[in-house]
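Engineer: Supplied in structure tokens, the structure appears directly below.
Derivation of every value follows stated rules applied to the coordinates shown; laboratory data play no part. The model shown is predicted, which means the values in this text are computed figures rather than measured ones. Note that each Cβ is placed from the backbone with ideal geometry, even for glycine, and that neighbours are counted across all protein chains shown.
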Amino acid sequence: MQLYLPIADIPVNVFLILAMGAAVGFVSGMFGIGGGFLMTPLLIFVGIAPAVAVASVASHIAASSFSGAISYWRRRAIDPLLAAVLLVGGTLGTTFGVWTFTFLRSLGQLDLMIALSYVILLTTVGGLMFWEGLRAMLRSRGGGAVTLRKPGSHGWIHGLPLKLRFKRSKIYLSVIPVVVIGLIIGFIGAVMGIGGGFILVPLMIYVLRVPTSTVIGTSMVLTLVTMVFATMLHAVTNHLVDAVLALILMIGGVTGAQFGARAGQKIRGEHLRLLLGLLVLAVGIRFAVELVIRPQDLFSIRETGGAPP
Amino acid sequence: MRLRALLAIAGLAAASLAAAPARAERLIVSVSNHRVTVTPNYSGGELVLFGSVEKDDKTPPSRANYDLVVTVSGPRADMVTRRKERKFGIWINTDSRQFLQVPGYLALFSNRPFDQIASPEVQRRQQLGLNNVLLMQRVGPDFADVVPNDPFRSAFVRLRSEHGLYREATSAVTFLTPTLFRTGIPLPAEVPIGTYNVEIKLFSEGALVTKTETAFEIVKVGFEQFVATTARQNGLVYGLVTAFMALMTGWMASIVFRKD
């Protein structure tokens, strides 16, 4: 069934978009990530202009992370205090990131910068997660106990001042690293046009030592707020949010996210991290291949100005 | 518009002074639909242009064979063509060329190949064929069009053609009788919204006899138009509604799927 999108100005197959939304929603519900790094390239592949894709995906991620956040809230898998502290840093980072984005665009080569940071970030994060997941799996198979929080092995991060007790996560931690992580995520999200959940989750696990049970729900809250903010920003500044496209994506996305969240609760933590690591790594490698392999067409056209004044 | 009309009249007057008998024919044309509306199930379409050549008593009786070239050009925009090159082992955009106010849709139709209709000189002057249409570019400090086999120009035309947005068909115009003709104007799904100019040129024995113009527009209506104008004019409200819609969808899904 074909449907004409009012902002993207092209007709699309509704079922194809629904299926894409559902698939990405499933992944996002399962791992507690926004899925922007999967959805945006898919939409561009279907023929939607990159700017419209990025802007519309933001609202799609908002919807699926909200439905995910509700189900995690019911399972008491969200740490509200941790989410609030992260948001403080996130807001600052987003503002700073938008400013950097504008600056990079004025220099030209923004596309290359985005592609390069995708490659570096995704392959590094994906590779580390995959390696860690693999080691944890081997250890558990060998009979050893799988412990993420090694008691007594407190790094320098745990020696920082301004400590707060995050009750739901059962950790006692300085707010400084939490705000810094929020700042990094907000910055990366604004520059690369992604929610940043796939970086936030491992950072929370490995750096902050937040237990896996509250990591996903809490990261979803951060994704939700930043993406609602991003939707508003895109709608006000660029007028590029396609509400029809967003609605189709949302319907597919929230459905997928529900099943994903359930599947995620059934899979063991280290398996989940291994899978997410593989997924992130695969997308990173795909971007790397695109940069290295000779493109099918060396030329590309982009519209730069509208109708005559 | 009025200026162009005046110029046309002036040109016509000058031409009639120079060669009065050459302006003996008149073209009467019409398109099947002057207003193409984009609805939710729009996925491209085709218009039909038809017309006839009206002769009068000044027409040389020997003149029987006419050639016709139809040029359809859509709303104009600035575009950039970029070329990738291998640097430090990766493919990045290096060179670029700016195309200024070029048509978003461009179609040239005729009843036989352009080189049989007119000499290369006339083809160039009358902009017959994609190779001869003026595509203004910023070349260094100048504004000019370049030779047709310039890599950027040919890549630009090729990429637009791949999307069906630029096209050339030298057998698309059919003469039903020696003076009655028709041609189809195919519109792909991704045609830009706006006003389209149609220029019809009549040739005989390698020379331009007369020409005329018509136009049609492609517009969004109803819901599509409402969404597009709201997004443009009330960005804040639009953003708030979209964000609210996102939250509602998420909340409804969690209610629908609440089983446990």
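Engineer: Calculate one ³J(HN,Hα) per residue across the stretch A:165-181 by plugging θ = phi - 60° into the Karplus curve 6.51 cos²θ - 1.76 cosθ + 1.60, and present them in order as whole Hz with x for glycine and proline.
Structural biologist: Those phi angles translate into 9, 8, 5, 4, 8, 6, 10, 10, 8, 5, 6, 4, x, 5, 5, 4, 5 Hz.
Engineer: To continue, here is another question. Which whole number in µm²/s is D for the stretch A:6-48 by Stokes-Einstein, with the Kirkwood Rh taken over Cα pairs at 4 °C and 1.567 mPa s?
Structural biologist: 118 µm²/s
Engineer: Here's another thing I want to ask about it. At a Cα cut-off below 16 Å, give the aspartates and glutamates reachable from A:LYS170, other chains included and same-chain residues fewer than 8 away excluded.
Structural biologist: Correct list for A:LYS170: A:ASP79.
Engineer: Label the stretch A:254-305 by shape, choosing from rounded, prolate and oblate, from the square roots a ≥ b ≥ c of the eigenvalues of the Cα gyration tensor; if a/c is under 1.5 it is rounded, and otherwise prolate applies when a/b is larger than b/c, oblate when it is not.
Structural biologist: Taking the square roots of the gyration eigenvalues as a ≥ b ≥ c, the stretch A:254-305 is oblate.
Engineer: Starting from the amide H of B:ASP95, placed 1.01 Å from N in the peptide plane, find each other amide H under 5 Å away whose residue is 5 or more places distant or on another chain.
Structural biologist: The list, which skips near neighbours in sequence, is B:ARG83.
Engineer: To continue, here is another question. Using only the alpha-carbon atoms, what does the stretch B:148-260 span along each of its principal axes? Please give whole angstrom values in decreasing order.
Structural biologist: 81, 35, 30
Engineer: Mind checking which of A:MET1, A:LEU279, B:ASN131 is farthest towards the positive end of the protein assembly as shown's charge dipole, using Cβ charges of +1 (Lys, Arg) and -1 (Asp, Glu) about the Cα centre?
Structural biologist: A:LEU279
Engineer: Next up: Above 28 Å lies some portion of the pair distances; for chain B, what is it as a whole percent of all C-alpha pairs?
Structural biologist: Cα-Cα pairs in chain B separated by more than 28 Å: 50 percent.
Engineer: In the stretch A:66-97, which trypsin sites (Lys or Arg not before Pro) fall in coil by DSSP and have 15 or fewer other Cβ atoms within 10 Å?
Structural biologist: Qualifying residues, ordered by number: A:ARG75, A:ARG76.
Engineer: Also: Compute the separation of the alpha-carbon centres of the stretch A:238-294 and the stretch A:162-232 and state it in Å as a whole number.
Structural biologist: Centre-to-centre distance over Cα atoms comes out at 18 Å.
Engineer: Looking at the stretch B:167-244, which GluC sites (Glu not before Pro) are in a loop (DSSP not H, G, I, E or B) and have at most 13 other Cβ atoms within 10 Å?
Structural biologist: Loop-located and lightly packed - B:GLU205.
Engineer: Related question: Out of all Cα-Cα pairs in the stretch A:209-309, roughly what percent, to the nearest whole number, are more than 18 Å apart?
Structural biologist: Roughly 72 percent, rounded to a whole number.
Engineer: Report, by chain and number, residues whose modeled amide H sits under 5 Å from the one on A:ASN238, excluding near sequence neighbours (fewer than 5 apart, same chain).
Structural biologist: Under 5 Å from the amide H of A:ASN238 lies no amide H from a residue far enough along the sequence or on another chain.
Engineer: While we're here: What does the stretch A:2-292 give for Rg and for Dmax, in Å, if only its C-alpha atoms count?
Structural biologist: 18.6, 60
Engineer: Tell me, what is the FRET efficiency for B:ASN197 and B:HIS163 to the nearest 0.05, using R0 = 25 angstrom and their Cβ-Cβ distance as r?
Structural biologist: For R0 = 25 Å, the calculated efficiency reads 0.80.
Engineer: Right, next: About its Cα centre, what dipole magnitude does chain A give when the only charges are +1 on Lys and Arg Cβ and -1 on Asp and Glu Cβ, stated in debye to the nearest 20?
Structural biologist: 1720 debye
Engineer: Can you pull the percent of Cα pairs in the protein assembly as shown with separation above 48 Å?
Structural biologist: 27 percent
Engineer: Do the sum for chain A: with -39,500 (n - 2.57) for every DSSP H run of n ≥ 4, divided by all residues, what is the mean residue ellipticity at 222 nm, to the nearest 500 deg cm²/dmol?
Structural biologist: -24500 deg cm²/dmol
Engineer: Give the long-range amide H neighbours of B:ALA77: residues separated by 5 or more places, or on another chain, with amide H under 5 Å away, using H modelled in the peptide plane at 1.01 Å from N.
Structural biologist: Residues meeting the criterion, in which the H sits 1.01 Å from N, are B:GLN101, B:VAL102, B:GLY104.
Engineer: Obtain the radius of gyration and the Kirkwood radius of the stretch B:123-190 from its C-alpha atoms and give Rg over Rh.
Structural biologist: In the stretch B:123-190, Rg relative to Rh is 1.07.
Engineer: Which stretch or stretches of the stretch A:212-251 have amide N atoms under 18 Å from the point lying 7 Å from A:ARG135's Cα along the Cα→Cβ direction?
Structural biologist: Inside the label zone: A:212.
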